[in-house]
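The values are calculated or read from the model by the stated rules, or taken from the named source; none is laboratory data. Since the model is a prediction, treat every value here as computed from it, not as a measurement. Reconstructed Cβ throughout: ideal geometry from the backbone, glycine too, with neighbour counts over all protein chains shown.
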Amino acid sequence: MPTLLQRLARMAPYLKSSRRGLVAAALGALVGAATEPAIPELMRPLLDQGFAGRKLPLWLIPVAIIGLFAVRGAAGFIAQYGLAWAANRAVLQMRSAMFDRLLAAAPQLYGTKSASSLTNMLVYEVQSGTMLLVNSLLTLVRDSLTLLALLAYLMWLNWQLTLFVALLFPAVAWVMRTLGQRLRRITLDSQKATDGLAYIVEENVLAWRIVRLHGAAATQAARFTTQSEALRRLSLKSVVASATMTPITQLLAACALSSVIALALWQSSAGTATVGSFVAFITAMLMLVAPIKHLSDVMAPITRGLVAVERGLDLIDHSAREHGGTHGGGRARGEIRFEGVTLRYRDDAPAAVDGVDLTVNAGETVALVGPSGAGKSTLVHLLPRFLLPTAGRIVLDGVPLADWDLAALRRQFALVSQDVVLFNDTIAANVTLGAPMSDAQVEDALRAANLWDFVRGLPQGLQTPVGHNGSQLSGGQRQRLAIARAIAKDAPVLILDEATSALDSESERAVQEALERLMKGRTTLVIAHRLSTIEHADRVVALEGGRVAEAGTHAELLATGGLYARLHAMQFRT
């Protein structure tokens with residue numbers, strides 16, 4: 001298991017630009033710690049001279065106390081502000097690195113991590129974990145320096161008594177290490193339980209209609225309660241582990257303190273120490289209790305903060321990036337070849353796509369049909385490399401997809417699916433998605449998508465917000481906005497994945513007209529369950545069990561009486 005310093009060292013790259021804040025924090029903590037021994041040291045002249053009848057200026061001790069606490073206050077502020085400044089810069093850099101990794105991560109990440117887990121990690125855990133860690137580290141540094149300063153002062157006053165104090169630290173270190181390791185394990189389990197709870201909430205927020213329609217509220221509430229109870233038990237275990245540190249440490253400190261006081265009284269009775277020296281030593285000794293207590297308490301928040309931050313660092317360091325080739329040709333002609341392509345989602349699962357050989361000529365419209373689970377969507381998701389084949393290869397314009405630069409490859413494809421994804425931004429922003437484009441170009445795309453008349457009538461026109469995933473638009477308007485986005489991209493290969501399946505007849509007619517304009521001059525792959533929408537495709541490819549069952553024109557496949565004919569007959573039986 002890595003040590004605390006090794007784990008903290010993982011944050012070092014994100015603190016490089018925060019040296020000034022760290023230096024200021026270190027100096028503030030050092031000055032603050034250096035003032036600690038001055039408090040008991042003021043007791044010696046006060047007792048030996050002030051109360052013993054010797055001449056001592058009345059103003060000296062009060063002024064010294066005021067000046068001492070002024071210096072301590074300023075040093076404490078500088079230490080806290082400097083460390084917080086450095087921490088916030090580190091959070092900014094870590095968040096940016098995590099988000100960059102999300103944008104470039106291999107698709108497998110999104111299959112193993114839920115959206116709520118990634119959101120919780122990036123937005124909340126990094127911030128709360130870092131701030132918890134920073135405040136705890138400030139306490140660790142400040143109280144460690146205070147402890148060293150007081151011990152040095154005690155050694156100077158009476159080295160024999162100080163040796164008794166030193167015997168305390170190995171036992172305290174062992175307690176903190178043992179309980180700290182247990183606390184880390186519990187905290188990791190708590191983070192996983194928190195992710196599970198957030199995922200249940202996410203599911204029920206997204207599927208609230210289904211939950212209410214099926215009367216599943218009680219079942220979902222039971223799931224939530226079970227997960228909440230597991231999190232509660234882990235939280236209590238964490239409290240037990242962290243709360244145990246303090247009484248054990250204080251008991252050890254009390255034993256050492258009692259022994260030291262007994263020995264100091266013996267020395268004082270023997271006449272080897274003055275009253276001022278004795279009181280100064282006891283005062284400094286009592287002042288050790290606070291930093292020891294703080295150091296015993298600080299391990300729990302440091303552990304929690306580190307676990308939270310390490311989850312983000314693990315995402316950056318260990319999640320795989322997407323990798324492509326170097327071919328970055330211009331606009332593709334659009335010829336696609338599937339050569340013995342097989343894909344399994346798991347090694348022990350049946351093939352979703354099994355040995356597919358298929359050529360799609362440039363500019364050709366090919367419809368993919370078949371029963372649910374036949375592999376239609378899987379096949380088209382292989383094209384932009386959202387999925388990678390287990391065996392075989394796919395070739396675009398004579399170049400294997402693996403040899404294409406990913407950005408160049410994805411410029412060749414536009415996708416319109418039944419699951420429209422819109423951003424909570426303006427209509428114009430959802431069409432361009434950040435690509436440089438004039439309002440006239442956006443307008444042309446909306447006209448071609450049969451949506452301009454609607455947009456033109458809006459008070460804010462192109463700058464109208466669409467709401468969360470287009471919640472301010474109807475289903476047909478959302479679909480046509482997605483088509484406008486594909487028209488604006490002007491890619492040579494178009495993928496239509498059930499683009500009209502969820503629309504009413506009037507909306508479908510408007511969307512179909514827009515799609516026909518979009519398909520002109522492009523290689524088009526159409527997935528459709530409504531077979532009436534693909535009768536004019538150049539070819540129809542029927543898939544079953546991940547394999548190509550038959551291929552030909554609409555009329556040819558009807559004449560053969562195979563899979564396509566059976567599917568067609570089922571839809572048009574009436």
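Kindly list, by first and then second residue, each pair from a residue in segment 527-550 that is farther than 18 Å from PHE572 by Cα to a residue that is hydrophobic (A, V, I, L, M, F, W, C) and in a loop (DSSP other than H, G, I, E, B), limited to pairs with Cβ atoms under 8 Å and residues at least 6 apart or on different chains.
Taking only residues 6 or more apart or on different chains, the pairs are LEU543/ALA374; GLU544/ALA374; GLY545/ALA374; GLY546/ALA351; GLY546/ALA352; GLY546/ALA374.
I'd like the full set of residues that are in a strand (DSSP E or B) and β-branched (Val, Ile, Thr), limited to segment 541-560.
Matches in segment 541-560: VAL541, VAL548.
Per-residue answers, yes or no, for (1) β-branched (Val, Ile, Thr); (2) free of Cβ contacts under 8 Å to residues at least 24 places away in the same chain; (3) in a helix (DSSP H, G or I):
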residue	(1), (2), (3)
LEU379	no, no, yes
PRO384	no, no, no
ARG393	no, no, no
ALA402	no, no, yes
VAL421	yes, no, no
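Name the residues in segment 523-556 that are in contact with an Asp or Glu (Cβ under 6 Å, 6 or more places away or on another chain) and either surrounded by fewer than 18 Cβ atoms within 10 Å (Cβ to Cβ) or more than 21 Å from HIS381 (Cα to Cα) (or both), would you?
Answer for segment 523-556, where residues must be in contact with an Asp or Glu (Cβ under 6 Å, 6 or more places away or on another chain) and either surrounded by fewer than 18 Cβ atoms within 10 Å (Cβ to Cβ) or more than 21 Å from HIS381 (Cα to Cα) (or both): ASP538, ARG547, HIS554.
If the Cβ limit is 9 Å and pairs must be 6+ apart or interchain, which residue in segment 177-203 that is more than 11 Å from ARG304 (Cα to Cα) pairs with which residue that is assigned to a helix (DSSP H, G or I) and acidic (Asp, Glu)?
THR194/GLU125
Residues that are modelled with pLDDT of 85 or more and under 32 Å from the mean Cα position of the chain (by Cα): list the helices (runs of 4 or more DSSP H) wholly contained in segment 423-540 that include at least 1 such residues.
427-432, 475-489
Taking GLN227, is it more than 30 Å from ALA280 (Cβ to Cβ), in contact with a Gly (Cβ under 8 Å, 6 or more places away or on another chain) and either outside any helix (DSSP H, G or I) or modelled with pLDDT of 75 or more (or both)?
Taking the combined requirement at face value, the residue satisfies it.
Find all pairs meeting these conditions: Cβ atoms under 9 angstrom apart; at least six residues apart or on different chains; first residue within segment 62-79 and over 24 Å from ALA24 (Cβ atoms); second residue among the small types (Gly, Ala, Ser) and assigned to a helix (DSSP H, G or I).
Between residues of segment 62-79 that are over 24 Å from ALA24 (Cβ atoms) and residues that are among the small types (Gly, Ala, Ser) and assigned to a helix (DSSP H, G or I), the close pairs are ALA64/ALA38.
If you go through segment 433-451 one residue at a time, do you hit one that is basic (Lys, Arg), touching a residue at least 24 places away in the same chain (Cβ under 8 Å), surrounded by fewer than 18 Cβ atoms within 10 Å (Cβ to Cβ) and in the same structural domain as MET519 (by TED's automatic domain parsing)?
Checked against the condition, which is being basic (Lys, Arg), touching a residue at least 24 places away in the same chain (Cβ under 8 Å), surrounded by fewer than 18 Cβ atoms within 10 Å (Cβ to Cβ) and in the same structural domain as MET519 (by TED's automatic domain parsing), segment 433-451 yields no hits at all.
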